[in-house]
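The values are calculated or read from the model by the stated rules, or taken from the named source; none is laboratory data. These numbers were taken from a predicted model, which means no experiment stands behind them. Heads up, the Cβs are rebuilt from the backbone with ideal geometry, glycines too, and the neighbour counts pull from every protein chain shown. For accessibility, only protein heavy atoms count, side chains too; no ligands or nucleic acids. Shrake-Rupley method; radii C 1.70, N 1.55, O 1.52, S 1.80 Å.
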Amino acid sequence: MAETATTDAATGAAAELTAEGFARVTDSILASIGRVIDGKPDAVRAALVCLLAEGHLLIEDVPGVGKTMLARAMAASVDATVRRIQFTPDLLPGDVTGVSVFNPVDREFEFKPGAIFAHIVIADEINRSSPKTQSALLEAMEEGQVTVDGRTHLLPEPFLVVATQNPLEMEGTYALPEAQRDRFMMRISMGYPDPRSEALMLRQRDTVNPLDAIAPVATSAKIAQLIAWARAVHVAPAIEDYAVALAGATRTHAELRLGASPRATLQLVRAAKVWAALDGRGFVIPDDITALLVPVFSHRLIPTRSAGGARARTTADAIASILERIAAGVRVPIAAHR
């Protein structure tokens, strides 16, 4: 009941929020994270989109490029509860969700919440744990709750999982199963910084940790208002049909063994709403959909062995190339002139 009251209050407050107010708060969040993550505005924006679209973010890249730093910077910029879970081969599902412990005084079992009970959960190196432990996140990420010993426990709202993972070629990693990958709204890569940003990092971070200077610029209640405001962004039926057509094309493409799920289509449109709102618009345009196509769809698709050919250096490159060709082949809706 408390969560419902909070949601209703946020919806009511969102009705009073203006496009200028939305932009003011989101710009301050982006600027706060940007003070820690130099030269990566696209990654910072993607993280905020996932938060406001009620999705989850998977950051995949080689060690040392700032994956965990991005997650921690976003958590520090929002005045909300934050937990970090270091995934290791010996991590147990109960360490994530919580366990029931016998209370000898009351002579009954009581639930001890795990690290998943927070507004923002940083799942660091998620693919270093076993698939059994990875699956402990499935219910939490999809339904915002965990079930332990037959009892359901609701997670706080808003709820965001920011997971980092090393490439599968790295030693000691387990591939995330398809069902787990499909729970993430977006997958992004940080990439190496440009020379200027890397030199700046050397000068600024020799004696000072930039995270120490970050103060929260938005409360969890304000984030709930932004989420409710973004939900109201208009999506025309033609745009919805465009998103469905793109998803359908992945399911019949000759170079793909597994296409985008209906969940992927839903999350593509939700992310596009936030993308439009960040640009100061109250409506989605086709460019919002195509801008998010690769980060929202790519980690859900499985190419055939022959996909990409000699042009693709990695599986991710092959999938990105396929999605670009799909986007070029699906008719873009055009607004009628009056």
Checklist entry - Among the residues of segment 261-282, is any at pLDDT 90 or above, among the basic types (Lys, Arg), surrounded by fewer than 21 Cβ atoms within 10 Å (Cβ to Cβ) and farther than 30 Å from Ala31 by Cβ? => result yes
Next on the checklist: Against the condition in a helix (DSSP H, G or I) and at pLDDT 80 or above, how does Ala76 come out, does it pass?
Outcome noted: yes
Checklist entry - Out of all the residues in segment 102-113, is one or more touching a residue at least 12 places away in the same chain (Cβ under 8 Å), open to solvent by less than 50 Å² (accessible area, probe 1.4 Å) and in contact with a helix residue (DSSP H, G or I) (Cβ under 9 Å, 6 or more places away or on another chain)? => result no
Next on the checklist: If Thr133 satisfies all but one of (1) touching a Pro at 6+ places or on another chain (Cβ under 6 Å); (2) surrounded by fewer than 21 Cβ atoms within 10 Å (Cβ to Cβ), what's the number of the condition it fails?
Outcome noted: (2)
Next on the checklist: Quick check on this structure: which one of Arg325, Arg300, Arg331 is in contact (Cβ under 8 Å) with a residue 24 or more places away in the chain and open to solvent by 30 Å² or more (accessible area, probe 1.4 Å)?
Outcome noted: Arg331
Checklist entry - Which of the residues belonging to segment 146-171 are open to solvent by 70 Å² or more (accessible area, probe 1.4 Å), within 25 Å of Asn127 (Cα to Cα) and either modelled with pLDDT of 90 or more or not aliphatic (A, V, I, L, M) (or both)? => result Glu169, Glu171
Checklist entry - What is the residue count in segment 21-65 for residues that are over 25 Å from Val269 (Cβ atoms), of a type in the set (Gly, Ala, Ser) and open to solvent by 10 Å² or more (accessible area, probe 1.4 Å)? => result 5
Next on the checklist: Of everything in segment 145-164, what is more than 14 Å from the chain's Cα centre (by Cα) and of a type in the set (Gly, Ala, Ser)? Give them in sequence order.
Outcome noted: Gly150
Item to check | Yes/no for Ile122 being assigned to a strand (DSSP E or B) and either in contact (Cβ under 8 Å) with a residue 12 or more places away in the chain or among the β-branched types (Val, Ile, Thr) (or both) | outcome: yes
Next on the checklist: Looking at segment 83-100 only, could you name the residues that are open to solvent by 60 Å² or more (accessible area, probe 1.4 Å) and of a type in the set (A, V, I, L, M)?
Outcome noted: Leu92, Val99
Checklist entry - Which condition number does Ile116 fail, the rest of (1) within 19 Å of Leu57 (Cβ to Cβ); (2) in contact with a helix residue (DSSP H, G or I) (Cβ under 8 Å, 6 or more places away or on another chain); (3) not in a loop (DSSP other than H, G, I, E, B) being met? => result (3)
Checklist entry - Among all residue pairs at least 6 apart or on different chains, which show Cβ distances below 6 Å where the first residue, located in segment 54-72, is within 21 Å of Lys273 (Cα to Cα) and the second is open to solvent by less than 10 Å² (accessible area, probe 1.4 Å) and not in a helix (DSSP H, G or I)? => result Gly55/Met185; His56/Val161; His56/Phe184; His56/Met185; Leu57/Val162; Leu57/Met186; Leu58/Ala163; Leu58/Phe184
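Quick grid of which residues meet (1) of a type outside the set (Asp, Glu); (2) open to solvent by 60 Å² or more (accessible area, probe 1.4 Å); (3) in a helix (DSSP H, G or I):
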residue: Tyr174; (1), (2), (3): yes, yes, no
residue: Gln180; (1), (2), (3): yes, no, yes
residue: Ala199; (1), (2), (3): yes, no, yes
residue: Asp212; (1), (2), (3): no, yes, yes
residue: Pro216; (1), (2), (3): yes, yes, no
residue: Ala230; (1), (2), (3): yes, no, yes
Checklist entry - For residues in segment 28-50 being more than 18 Å from Ala215 (Cβ to Cβ) and in a loop (DSSP other than H, G, I, E, B), which is modelled with the highest pLDDT? => result Lys40
